[in-house]
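Undergrad: Attaching a single structure in structure tokens format; questions to follow.
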Amino acid sequence: MRRRLQTLFQRKFRVSLLFLLFLALLVHLVMDLALPAACRHCGCNMKALKAFGVPSGSPVLAGPKKLSLRILQDFSGSNSSLEKSSQLQGRAGELGQQHQHREGNTGHTERSKLEALFKHPLYNIPIPAVTEKDKLFVVNPMEKFSLHSSGSDEWVSSSKAETLLPTGKTAYDTYPAWLKFHVGINRYELYPRRDPLMPTLLRDLATQRIVSSVQKSGGTQLKLIMTFPNYGQALFKPMKQTRDQETPIDFFYFSDFERHNAEIAAFHLDRILDFRRIPPVSGRLVNITKEIRDITTDKKLAKTFFISPAGNVCFYGECSYYCSTEHALCGKPDQLEGSMAALLPDKTLAKRRSWRSPWCRSYHKSKKAEWELNPKYCAQVRETPPYDRGHRLLDLIDMTVLDFLMGEPCCLWGNAALMPTDGIFSSFGTHSRDELSILAPLQQCCSIKKSTYLRLQLLATPSYRLSDLLREALATDPLAPILTEPHLHALDRRLGKVLAAVGHCLAGAAHPDKVLVDDMGSRV
């Protein structure tokens, strides 16, 4: 009897369990049929996430496609733009258009700190009136240049010229951007603050067809002179290091690789500081095969091309340092990024001088320069031409500030608005340490332009933070990102040290006006 009851109970339990399972399945089927299609496709999940406070733009809500794109963007921008595929760029462009569309719908746009900076009164101090004697280069009126009326971008001369003034001179509007840049150079600036020519010139550097590539003579490392169809020329500095590689602490001063991104960053930083003494520079991807090897007339350069075991096109040129197969420049497979800097007028057409900075390093492995041993060295400099009169010493101290912010001193100077002609390429090599010896001219002379000091104070405020301004400026370059975040943050730290050095001078000065030299006067 007991066995029969146990068997009966087990049968009823099994039937009940099967019935419950069937009932649960039936409930799920009914719910699935009753819910709308949108909810079946994760719409409910999104609503649930939003109900828990997850913002709509969160990666949690993003589909796998968008998440993958974000990862690719971060990876391609870490060291080099060479890994950016055209497909990725297209998707990024679509995202940018969508972002602009959203801004248009909401009526809200992000405030540009750069635009606000350049509208500030300190960036609207007029320069003295420029005379013909103040200009570096003047076009020869006997030479007649013009654009082809056919619409070609080539700029021709003499008999082919068509746009001439009644006087026989060529109309200024027909000049290519590079020539307009040359004409505008004067003793106070290489280009105006709001130069409408600048976007065109930078675009030409990045996109103009290259018709000739030859190695620049002299120098310690490889550089190329690129020529465009409109006779413009640019100095091409190829990529040798990734952006996150720091200079080893034990490297001697001239032992580091030159950095292509340093020149790009230096141009924008110089503009933000309102010195405007570094020629315009743009990043560019160059095809080693089509834009260098196949068109070069430089026989020495041509002999240095080879195909690496990885199948990449490489070359190394001839120079004093790092020009060998061990230091070859290789494309991927033939694409190589670098900086394109606008060249100054030829010295035969625009005569100028260059001289060593009094605070130049000895570059001797065991001997120090005089300024490193004599704390009163500035008194000697003030009695030495050309620093014994005018604003030349104060201009040099401006460049000292620029050098310190970049982390590399410059030794050679040109007299075109006291333009640095050496040292820029090796800048931005370190971010974790500051070379305080670069500030020696400022610390020993205890003098700085009042306008420069006020601008530096402005760039230390949250509204005009230097790192934010440079980040915004560099974002427009074709090879962005140009600097890593640690380098940008180092600028703010170094700016604080410059202001501290001036503050120390002011604290010990009997006459503060000798520390802050008034260069503004009635022009403010």
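Undergrad: Only one residue in Ala500, Ala507 is open to solvent by 30 Å² or more (accessible area, probe 1.4 Å), among the small types (Gly, Ala, Ser) and under 28 Å from Ser362 (Cβ atoms). Which one?
TA: Ala500
Undergrad: How many residues does region 193-210 contain that are in contact with a helix residue (DSSP H, G or I) (Cβ under 6 Å, 6 or more places away or on another chain) and closer than 13 Å to Asn230 by Cα?
TA: Here is the first cut: in region 193-210, the ones in contact with a helix residue (DSSP H, G or I) (Cβ under 6 Å, 6 or more places away or on another chain) are 197, 200-201, 204, 210.
Add one more test, that the residue is closer than 13 Å to Asn230 by Cα, and what stays is 201, 204, 210.
So the count comes out to 3.
Undergrad: Here's something else I'd like to know. Out of all the residues in region 343-358, is one or more surrounded by 13 or more Cβ atoms within 10 Å (Cβ to Cβ), of a type in the set (Lys, Arg) and in contact with a helix residue (DSSP H, G or I) (Cβ under 9 Å, 6 or more places away or on another chain)?
TA: no
Undergrad: Still on this model: If I filter region 359-379 down to residues being free of Cβ contacts under 8 Å to residues at least 60 places away in the same chain and within 30 Å of the chain's Cα centre (by Cα), which single residue comes out as surrounded by the fewest Cβ atoms within 10 Å (Cβ to Cβ)?
TA: So the residue we want is Ser362.
Undergrad: Would you mind stating whether Thr297 is more than 27 Å from Ala440 (Cβ to Cβ) and open to solvent by less than 30 Å² (accessible area, probe 1.4 Å)?
TA: Considered against the rule, which asks whether it is more than 27 Å from Ala440 (Cβ to Cβ) and open to solvent by less than 30 Å² (accessible area, probe 1.4 Å), Thr297 comes out as no.
Undergrad: Further, regarding this structure: Would you mind stating whether Asp395 is open to solvent by 60 Å² or more (accessible area, probe 1.4 Å), over 30 Å from Arg243 (Cβ atoms) and among the acidic types (Asp, Glu)?
TA: No.
Undergrad: If you don't mind, there's one more thing I want to ask. For region 218-236, how many residues are within 15 Å of Cys323 (Cβ to Cβ), open to solvent by 20 Å² or more (accessible area, probe 1.4 Å) and under 21 Å from the mean Cα position of the chain (by Cα)?
TA: Counting residues in region 218-236 that are within 15 Å of Cys323 (Cβ to Cβ), open to solvent by 20 Å² or more (accessible area, probe 1.4 Å) and under 21 Å from the mean Cα position of the chain (by Cα) gives 1.
Undergrad: Turning to a different aspect of this structure: Consider only pairs whose beta carbons are under 6 Å apart and that are at least six residues apart or on different chains; among these, list those whose first residue lies in region 202-222 and is on the phi > 0 side of the Ramachandran plot and in contact (Cβ under 8 Å) with a residue 12 or more places away in the chain and whose second residue is open to solvent by less than 60 Å² (accessible area, probe 1.4 Å) and among the small types (Gly, Ala, Ser).
TA: So the pair list comes out empty.
This table checks each residue for (1) surrounded by fewer than 20 Cβ atoms within 10 Å (Cβ to Cβ); (2) closer than 16 Å to Ala266 by Cβ; (3) modelled with pLDDT of 85 or more; (4) out of contact with any helix residue (DSSP H, G or I) (no Cβ under 6 Å at 6 or more places or on another chain).
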{"residue": "Gly414", "(1), (2), (3), (4)": "yes, yes, no, yes"}
{"residue": "Gly429", "(1), (2), (3), (4)": "no, yes, no, yes"}
{"residue": "Glu435", "(1), (2), (3), (4)": "yes, yes, yes, yes"}
{"residue": "Pro441", "(1), (2), (3), (4)": "no, no, yes, no"}
{"residue": "Cys446", "(1), (2), (3), (4)": "yes, no, yes, no"}
{"residue": "Ser451", "(1), (2), (3), (4)": "no, no, yes, yes"}
{"residue": "Ser467", "(1), (2), (3), (4)": "yes, yes, yes, no"}
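Undergrad: Right, next: Could you count how many residues in region 317-334 are in contact with a helix residue (DSSP H, G or I) (Cβ under 6 Å, 6 or more places away or on another chain) and open to solvent by 10 Å² or more (accessible area, probe 1.4 Å)?
TA: 3
Undergrad: In this structure, is Pro166 assigned to a loop (DSSP other than H, G, I, E, B), at pLDDT below 90, out of contact with any Pro (no Cβ under 6 Å at 6 or more places or on another chain) and surrounded by fewer than 20 Cβ atoms within 10 Å (Cβ to Cβ)? Spell out how you get there, then give the answer.
TA: Values: assigned to a loop (DSSP other than H, G, I, E, B): yes; at pLDDT below 90: yes; out of contact with any Pro (no Cβ under 6 Å at 6 or more places or on another chain): yes; surrounded by fewer than 20 Cβ atoms within 10 Å (Cβ to Cβ): yes.
Yes: the conditions hold for Pro166.
Undergrad: Of the residues Ile210, Ile125, only one is modelled with pLDDT of 90 or more, more than 23 Å from the chain's Cα centre (by Cα) and among the β-branched types (Val, Ile, Thr); which?
TA: Selected residue: Ile125, the only one of Ile210, Ile125 that is modelled with pLDDT of 90 or more, more than 23 Å from the chain's Cα centre (by Cα) and among the β-branched types (Val, Ile, Thr).
Undergrad: Hey, another quick one. Enumerate the helices (runs of 4 or more DSSP H) found wholly within region 423-524, keeping only those where 3 or more residues are among the hydrophobic types (A, V, I, L, M, F, W, C) and without any contact (Cβ under 8 Å) to a residue 12 or more places away in the chain.
TA: Here the list reads 485-507.
Undergrad: What number of residues within region 341-356 are closer than 27 Å to Gln208 by Cβ and in contact (Cβ under 8 Å) with a residue 24 or more places away in the chain?
TA: 8
The values are calculated or read from the model by the stated rules, or taken from the named source; none is laboratory data. Worth saying up front: this structure is predicted, and the values here are computed from it rather than measured. Glycine also receives a Cβ, built like all others from the backbone with ideal geometry; neighbour counts cover every protein chain displayed. Surface accessibility is based on the protein's heavy atoms, side chains included, excluding ligands, DNA and RNA. Shrake-Rupley method; radii C 1.70, N 1.55, O 1.52, S 1.80 Å.
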